[in-house]
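Scroll down for the structure; my scribbles are underneath it.
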């Protein structure tokens with residue numbers, strides 16, 4: 001898992017501290033190039049649109065949700081389902 005945010009690294013530190021510990025790094029897209037490449041940059045606000053992309057080992061995007069809601073259980077379930085599909089494909 002590689003969470004990417006256009007927020008400053010100091011914001012990442014505050015977020016990570018608020019969560020206790022995170023088992024993955026938080027990546028900063030300070031120049032906003034990644035969010036532009038993935039077409040999830042909100043030009044008006046200068047922020048990223050909260051999104052989830054699942055990329056398999058071959059580098060192929062297998063799942064996209066550009067309206068991910070952190071408080072919506074179904075959004076998490078969809079991501080987990082896609083991750084399970086990839087896991088199962090890798091184990092066959």
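Quick note: the coordinates plus some simple rules give every number you see, no bench work behind them. Since the model is a prediction, treat every value here as computed from it, not as a measurement. Reconstructed Cβ throughout: ideal geometry from the backbone, glycine too, with neighbour counts over all protein chains shown.
Our summary gives segment 1-88 a relative contact order of 20 percent, counting only alpha carbon pairs under 8 angstrom and 6 or more residues apart. Footprinting exposure proxy ranking of 9, 86, fewest other C-beta atoms within 10 angstrom first, gives 9, 86. Between (i) 9.9; (ii) 6.9; (iii) 8.0, which entry matches mean projected area of the Cα convex hull in nm² as derived from the coordinates of this structure? Comparing each candidate, only (ii) matches the computed number. Looking at the chain, the DSSP beta bridges with both ends there are about 75 percent antiparallel. Axis angle, to the nearest 10 degrees, between helix 73-91 and the longest C-alpha principal axis of the chain: 50 degrees. The angle between the Cα long axis of helix 9-18 and the main principal axis of the chain comes to about 60°, on a 0 to 90 degree scale.
Calculated translational diffusion coefficient of segment 50-92 (10 °C, 1.306 mPa s; Stokes-Einstein with Kirkwood radius over alpha-carbon pairs) equals 146 µm²/s.
Per-residue ellipticity at 222 nm computed for the chain from its helices equals -11500 deg cm²/dmol, with DSSP H segments shorter than 4 residues left out and the rest contributing -39,500 (n - 2.57).
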